[in-house]
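Since the structure comes first, as structure tokens, the remarks are kept for the end.
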Amino acid sequence: MKASDLFVKALEAEGVRCVFGLPGEENLDLLESMRASGMRLIVTRHEQAAGFMAATQGRLTGRAGVCLATLGPGATNLVTAAAYAQLGAMPMVMLTGQKPIKASKQGHFQIVDVVGMMRPLTKSTRTLVSAEHVPSAVREAFRRAEEERPGATHLELPEDVARETTSAAPLAPSIHRRPVADEASIAQAVEAIASARRPLLMIGAGANRKLTWEMLRVFVDRVGMPFFSTQMGKGVVDETHPLWMGTAALSDGDFVHRAIDASDCIVNVGHDVIEKPPFVMRDSRRTVVHLNFSSAEVDPVYFPQVQITGDIANAVWRLAEGVGQRSHWDFAPFERARAELDAQLASGASDDRFPLYPARLVAEVRRAMPDDGIVCLDNGMYKLWFARYYRCRRPNTLLLDNALATMGAGLPSAIAAKLVHPRRKVLAVCGDGGFMMNSQELETAVRLKLDLTVAVVRDDGYGMIRWKQEQMGLPDFGMALGNPDFVRYAEAYGAHGHRPASATEFGATLSRCLESGGVHVIDLPIDYSENARALGAGIESGAIHAS
């Protein structure tokens, strides 16, 4: 069997049915093997976008998404996507081509050390030097990508190796079950929680990667413990729940931080050190219980006193059984913080100003999207508004990146989300800066005949950095940019362009786009003039003090 045919069969053994990518000369044998097998190739307009799509597929399914690029510039274009998947714990396997490694006739033309380049950005990377290595290399790449903590892996397949013949056969994935936590650590955590006066549950990114939401909902209801989430833990438990305390979207001073300040024990489920914890752990007033698939990575601001290592859902269920509800718990400070949070989140939801007030943007999106609808955020100022104001009803319905926090991933992520869940409504929310970094993928969405809506939040500048610049008391410099006519730009790709002229018209336009077929782009001017008040000084007064 030809090595490239074996490679494709090995991918099929891993459940791969679709590859995102932009092939080159060095991939042609693999490309032909994919064609012959019937595997779907989704050709993108940039390798970075292919990587974002593969990572998002992995994020939503738990199975590694696959992306393809050629050598040299094709491979270097995957670097940002590799970091996106690696830091965001999204399982992804990258495949790149290479010149023949046994008898090259082109010197060093287009050759860079791709394996060396990928080493600090992946869980594993290697060059295949023999067809005999294909089955084990592919199996190992997927095992490493998918096992906790998930991330990116990379395989380089040189031209001459792809053309070799071999009698090797694909390897089937092995059955693997996550270990459960030991009884002693569970007992220690139960004691810490039960003896606390104001325990508080924090839900992090790790709880959003596996089907833990059912057990966490049982825990919250049975134990009656208030909870909050990190940005990448949003939606694991329904955020309309009366015990929801908000999202840790800001560094400090927010309402959720007031609840944290009042707590004496935090049960930290699925915390990932990539997401900075919204509280300093070395505080003698507070016990921190770490519950995750792996032990805590020691950090200057994260050093938990109690650790539970093992399957999250199993450990949460056992904690619920052991803790129950305690009559001495005092949640009054949390209730005051929640009342203040609710009041602020409600303000602005009906604000009629235009350009649109960000809270109204979030409110209109929430009104238009069904509970299972998926909102994919690019990275920008609006991300903080969505993290704080958007109430998720289900896991992975607000896809944001608070790990690498790269611009340019919003549209590719939405394309992948629609491919994974074709019957669900999908909306990409992008700033004008981030949108233009991968806006060429509108052609990909149109070519694939997707039903997809993109809201381009336009402030004609790099809004988040401008806000930081203002916070530092610096003059506005280097943040302004120009934009095309986004309506005509969308139409040039065969998409539908819209430019609402009021807040009310935006809500109606968004609903209409989500209900109709095709790709829609909404040009939406935004008013960020109240960032400082709504996300800064305006929320820092009235702090709650524990008594």
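What number of residues in the range 210-234 are among the polar types (S, T, N, Q) and either in contact with a Lys or Arg (Cβ under 7 Å, 6 or more places away or on another chain) or assigned to a helix (DSSP H, G or I) (or both)?
1
So, in the range 219-242, exactly how many residues are out of contact with any Asp or Glu (no Cβ under 9 Å at 6 or more places or on another chain) and either outside the structural domain of ASP272 (by TED's automatic domain parsing) or aliphatic (A, V, I, L, M) (or both)?
Matching residues across the range 219-242 total 5.
May I ask you to verify whether PRO412 is touching a helix residue (DSSP H, G or I) at 6+ places or on another chain (Cβ under 9 Å) and not small (Gly, Ala, Ser)?
When the stated conditions are applied, PRO412 passes them.
Could you check GLY246 against (1) buried (at least 19 other Cβ atoms within 10 Å of the Cβ); (2) small (Gly, Ala, Ser); (3) assigned to a loop (DSSP other than H, G, I, E, B) and say which number it fails?
Answer for GLY246: the failing condition is (3).
Of everything in the range 320-375 that's over 22 Å from ARG394 (Cβ atoms) and basic (Lys, Arg), which residue is surrounded by the fewest Cβ atoms within 10 Å (Cβ to Cβ)?
Taking the candidates together, the pick is ARG353.
Looking at THR509, THR504, THR453 in this structure, which one is in contact with a helix residue (DSSP H, G or I) (Cβ under 7 Å, 6 or more places away or on another chain) and either of a type in the set (Val, Ile, Thr) or over 16 Å from ASP378 (Cβ atoms) (or both)?
THR453
Pick out, from the range 18-133, the strands (runs of 3 or more DSSP E) lying fully within it that include 2 or more residues that are buried (at least 17 other Cβ atoms within 10 Å of the Cβ) and small (Gly, Ala, Ser).
Filter on the range 18-133 gives 65-69.
In the same structural domain as THR247 (by TED's automatic domain parsing), aliphatic (A, V, I, L, M) and at pLDDT 90 or above: is that true of ALA387 in this structure?
When the stated conditions are applied, ALA387 does not pass them.
Check off (1) among the basic types (Lys, Arg); (2) surrounded by fewer than 18 Cβ atoms within 10 Å (Cβ to Cβ); (3) within 32 Å of the chain's Cα centre (by Cα) for ARG144 and give me the number that stays unchecked.
With respect to (1) among the basic types (Lys, Arg); (2) surrounded by fewer than 18 Cβ atoms within 10 Å (Cβ to Cβ); (3) within 32 Å of the chain's Cα centre (by Cα), ARG144 is out only on (2).
Of everything in the range 180-208 that's of a type outside the set (D, E, K, R), in a loop (DSSP other than H, G, I, E, B) and crowded, with 19+ Cβ neighbours inside 10 Å, which residue is nearest to the chain's Cα centre (by Cα)?
The residue in question is GLY204.
List pairs: first residue in the range 290-314 and in contact (Cβ under 8 Å) with a residue 12 or more places away in the chain, second residue loosely packed, with under 14 Cβ neighbours inside 10 Å and hydrophobic (A, V, I, L, M, F, W, C) anywhere in the structure, Cβ distance under 6 angstrom, at least six positions apart or on different chains.
VAL301/VAL280
Each row is one residue, and each column tells you yes or no for (1) of a type in the set (Gly, Ala, Ser); (2) in the same structural domain as ALA249 (by TED's automatic domain parsing); (3) over 18 Å from THR125 (Cβ atoms); (4) modelled with pLDDT under 95.
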residue	(1), (2), (3), (4)
PHE142	no, no, no, no
GLU147	no, no, no, yes
ALA169	yes, no, yes, yes
ARG177	no, no, yes, yes
THR212	no, yes, yes, yes
ARG217	no, yes, yes, yes
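Take the residues in the range 455-501 that are of a type in the set (Lys, Arg) and over 27 Å from the mean Cα position of the chain (by Cα), then tell me which one is nearest to TYR528 (Cα to Cα).
Once the filter is applied, the top-ranked residue is ARG499.
What pairs come out if I take residues in the range 467-495 that are at pLDDT 95 or above and pair them with residues that are of a type in the set (Val, Ile, Thr) and assigned to a helix (DSSP H, G or I) whose C-beta lies under 7 Å away, six or more apart or interchain?
TYR493/VAL446; GLY494/VAL446; ALA495/VAL446
Restricting the range 416-449 to residues that are touching a residue at least 60 places away in the same chain (Cβ under 8 Å) and closer than 11 Å to VAL375 by Cα, which is surrounded by the most Cβ atoms within 10 Å (Cβ to Cβ)?
Checking each candidate, the answer is VAL429.
The values are calculated or read from the model by the stated rules, or taken from the named source; none is laboratory data. Bear in mind the structure is a predicted one, so any value in this text is a computation, not a measurement. Here Cβ is always computed from backbone atoms with ideal geometry, including for glycine, and neighbour counts include all displayed protein chains.
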